[in-house]
């Protein structure tokens, strides 16, 4: 079975690690959707930006690119946004489209200082993450959606944090598994149910285990009804990983 024409064209022309191209696409989205695009900081020679629109309460938080070696999330998020400009006019949003641009440009997990930024959401005085925390302080989002990838994964999987009555993970995975199958078995030593790891409490234990505050736990503790961390397997085709990320965001935005 050969590579499809659409996939061949995508793989030939993608700019997965071109930060300036990515930011240019987001500038166009912001202009078309009436979003405010703010530079949080200049880090590693690149702008770290956030886009905001609508009321300053509730709404949806969308994030990608906190780990620079996970490009399908950044491409998927901007691809979804370009197709949903009118939706972005309707729903209050905070979008952090690439929290680690230096890492993305250099295809590494950490930032220029060697830090895993997804362990630093308890440090409000520090860099772009600190300025982002100030902007969203006290805001309880309807949904917080974080896009990631995993080199060790053999399929898609999802971490879902929040009260049981707000959990939607099974429906979301059903919407995506036609593109990439679900992960089977445990993830990081945690049991999954058909590729979904759900937690409604005991998050302090995770913070202690990994010695830092992840984005999802911070937003969950801040009152997000559900915090969703979606992972695609890095060894699959970038074309399918991006398609899966777009499909996940599309499904996660239903009902908000």
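The values are calculated or read from the model by the stated rules, or taken from the named source; none is laboratory data. Here the structure is a predicted model, which is why all the values come from computation and not from measurement. Every residue, glycine among them, receives a Cβ derived from its backbone with ideal geometry; neighbour counts consider all protein chains shown.
Applying the selection to the stretch 44-55, what residues are farther than 8 Å from residue 128 by Cα and either at pLDDT 95 or above or surrounded by 15 or more Cβ atoms within 10 Å (Cβ to Cβ) (or both)?
Filtering the stretch 44-55 for residues farther than 8 Å from residue 128 by Cα gives 44-47, 49-55.
Across the stretch 44-55, the qualifying residues are 44, 45, 46, 47, 49, 50, 51, 52, 53, 54.
Of all residues in the stretch 218-227, how many are in contact with a helix residue (DSSP H, G or I) (Cβ under 6 Å, 6 or more places away or on another chain) and under 20 Å from residue 99 (Cα atoms)?
Residues in the stretch 218-227 being in contact with a helix residue (DSSP H, G or I) (Cβ under 6 Å, 6 or more places away or on another chain) and under 20 Å from residue 99 (Cα atoms): 1 in total.
Looking at the stretch 208-246 only, could you name the residues that are surrounded by fewer than 21 Cβ atoms within 10 Å (Cβ to Cβ) and closer than 22 Å to residue 80 by Cβ?
Correct list: 225, 234, 236, 237, 238, 239, 240.
I'm told residue 27 meets every condition in (1) touching a helix residue (DSSP H, G or I) at 6+ places or on another chain (Cβ under 7 Å); (2) in a helix (DSSP H, G or I); (3) at pLDDT 95 or above except one. Can you identify the failing condition by its number?
For residue 27, the exception is condition (1).
Are any residues in the stretch 192-206 free of Cβ contacts under 8 Å to residues at least 24 places away in the same chain and either exposed (fewer than 14 other Cβ atoms within 10 Å of the Cβ) or in contact with a strand residue (DSSP E or B) (Cβ under 7 Å, 6 or more places away or on another chain) (or both), and if so, which ones?
193, 201, 202, 204, 205
Being touching a residue at least 40 places away in the same chain (Cβ under 8 Å), part of a helix (DSSP H, G or I), in contact with a strand residue (DSSP E or B) (Cβ under 7 Å, 6 or more places away or on another chain) and surrounded by fewer than 19 Cβ atoms within 10 Å (Cβ to Cβ): is that true of residue 135 here?
Here the answer is yes, as residue 135 does meet what is asked.
Table: residues versus (1) at pLDDT below 95; (2) within 10 Å of residue 228 (Cβ to Cβ).
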| position | (1), (2) |
| --- | --- |
| 138 | yes, no |
| 147 | no, yes |
| 150 | no, no |
| 167 | yes, yes |
| 172 | no, yes |
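In the stretch 57-78, is there at least one residue being on the phi > 0 side of the Ramachandran plot, surrounded by 20 or more Cβ atoms within 10 Å (Cβ to Cβ) and either in a strand (DSSP E or B) or in contact with a helix residue (DSSP H, G or I) (Cβ under 8 Å, 6 or more places away or on another chain) (or both)?
Yes, the stretch 57-78 contains at least one residue that is on the phi > 0 side of the Ramachandran plot, surrounded by 20 or more Cβ atoms within 10 Å (Cβ to Cβ) and either in a strand (DSSP E or B) or in contact with a helix residue (DSSP H, G or I) (Cβ under 8 Å, 6 or more places away or on another chain) (or both).
Determine which single condition residue 180 fails, assuming it passes every other condition in (1) under 22 Å from residue 92 (Cα atoms); (2) surrounded by 19 or more Cβ atoms within 10 Å (Cβ to Cβ).
For residue 180, the failing item is (1).
Restricting to the stretch 101-122, what's the tally of residues that are in contact (Cβ under 8 Å) with a residue 40 or more places away in the chain and assigned to a loop (DSSP other than H, G, I, E, B)?
Going through the stretch 101-122 one residue at a time, the tally reaches 9.
Here is a yes/no grid of residues against (1) in a loop (DSSP other than H, G, I, E, B); (2) at pLDDT 95 or above; (3) touching a helix residue (DSSP H, G or I) at 6+ places or on another chain (Cβ under 6 Å):
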| site | (1), (2), (3) |
| --- | --- |
| 208 | no, no, no |
| 216 | no, yes, no |
| 230 | no, yes, yes |
| 236 | yes, yes, no |
| 241 | no, yes, yes |
| 245 | no, yes, yes |
| 250 | no, yes, no |
| 255 | yes, no, no |
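Only one of these conditions is not met by residue 92: (1) in contact with a strand residue (DSSP E or B) (Cβ under 9 Å, 6 or more places away or on another chain); (2) surrounded by fewer than 18 Cβ atoms within 10 Å (Cβ to Cβ); (3) closer than 25 Å to residue 28 by Cβ. Which number is it?
Failing condition for residue 92: (2).
Just to be sure I understand the filter: pairs with C-beta atoms under 7 Å, separated by 6 or more residues or on different chains, first member in the stretch 77-94 and free of Cβ contacts under 8 Å to residues at least 12 places away in the same chain, second member exposed (fewer than 15 other Cβ atoms within 10 Å of the Cβ) and assigned to a strand (DSSP E or B). Which pairs pass?
none
Check 189, 255 and return the single one that is within 26 Å of residue 140 (Cβ to Cβ), surrounded by fewer than 23 Cβ atoms within 10 Å (Cβ to Cβ) and out of contact with any strand residue (DSSP E or B) (no Cβ under 6 Å at 6 or more places or on another chain).
255
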